[in-house]
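One structure below.
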Amino acid sequence: AIVSDVAGTTRDTVDSLITRERGNGEEKKYRIIDTAGIRKKKKVEYGSEFFMINRAFKAMKRADTVVLMLDAANGIVDQDRILAERISSEGRSCVIALNKWDLIPNKDENTFQKAVDHIRSSLPTLKWAEVAVISAATGQRTEKLLEAIDKSSLQFSKRVSTNVLNEVVNDATMWMAPPTIRSRSGKIYYALQVSTAPPTFVFFVNDPKLFT
């Protein structure tokens, strides 16, 4: 692929197929959908860039795992928060890749954890997503990124047994009771998983209006 560090150079989404041998010796194939970089909203006008962003959002819908690429040198911007919310609302699994880690000076054993804590607080809708530090320029830790994608994709397709799910719901309601509105208390009778990718759950309750 021909690339540039000038924003807005890439217009279309580009599919690439790669094969990697994983830890168990099995060869695994990945389809990587490289989308155009999405700039701050105020700079986007109706035209080629508008359609470019729509193509990126469509690519998000057909992905098992979305890699949200953040810039370690420039920090988190408003557009990153908007994309994080979009990934969450689309129900995609996600790995956060903190790029340009090689440019961070004076790193020590606490630098990574501080970066993760900052991402968790800045992007609360993706606080569950694993964070991987990489350098696209040097190739540093890109295999670790694929390992994180493997784990995220596995969780995306996971099915939880009904017994385990209801045990978790019972424990959760003992820890925090469902809401009460005008002296009516919410009650959860039963829960089950109805599909995967993304994992989707149905709760049977006394009155759905009592639950936010």
So, of the residues in the range 127-146 that are open to solvent by 60 Å² or more (accessible area, probe 1.4 Å) and touching a residue at least 40 places away in the same chain (Cβ under 8 Å), which turns out to be nearest to Gly23 (Cα to Cα)?
Glu143
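Looking only at the range 154-188, which residues are of a type outside the set (Gly, Ala, Ser) and closer than 18 Å to Thr212 by Cβ?
Within the range 154-188, Val169, Thr173, Trp175, Met176, Pro178, Pro179, Thr180, Ile181, Arg182, Arg184, Lys187, Ile188 qualify.
Given the structure, is Val194 assigned to a helix (DSSP H, G or I), open to solvent by 60 Å² or more (accessible area, probe 1.4 Å), out of contact with any His (no Cβ under 7 Å at 6 or more places or on another chain) and at pLDDT 95 or above?
Criteria not met by Val194.
Per-residue answers, yes or no, for (1) more than 21 Å from Lys144 (Cα to Cα); (2) part of a strand (DSSP E or B); (3) open to solvent by 80 Å² or more (accessible area, probe 1.4 Å); (4) of a type outside the set (A, V, I, L, M):
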| position | (1), (2), (3), (4) |
| --- | --- |
| Arg55 | yes, no, yes, yes |
| Leu68 | no, yes, no, no |
| Ala73 | no, no, no, no |
| Ile76 | yes, no, no, no |
| Ala97 | no, yes, no, no |
| Lys114 | no, no, yes, yes |
| Ser121 | yes, no, yes, yes |
| Thr125 | yes, no, no, yes |
Any idea which residue in the range 99-112 is most open to solvent (accessible area, probe 1.4 Å), counting only those that are outside any loop (DSSP other than H, G, I, E, B) and within 22 Å of Val66 (Cβ to Cβ)?
Phe112
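The values are calculated or read from the model by the stated rules, or taken from the named source; none is laboratory data. Every value quoted in this text rests on a predicted model; they were computed, and no experiment measured them. Methodologically, a virtual Cβ is constructed for each residue, glycine included, from the backbone with ideal geometry; neighbour enumeration extends over all protein chains shown. These area figures cover heavy atoms from the full protein model, side chains too; ligands, DNA and RNA do not enter into them. Shrake-Rupley method; radii C 1.70, N 1.55, O 1.52, S 1.80 Å.
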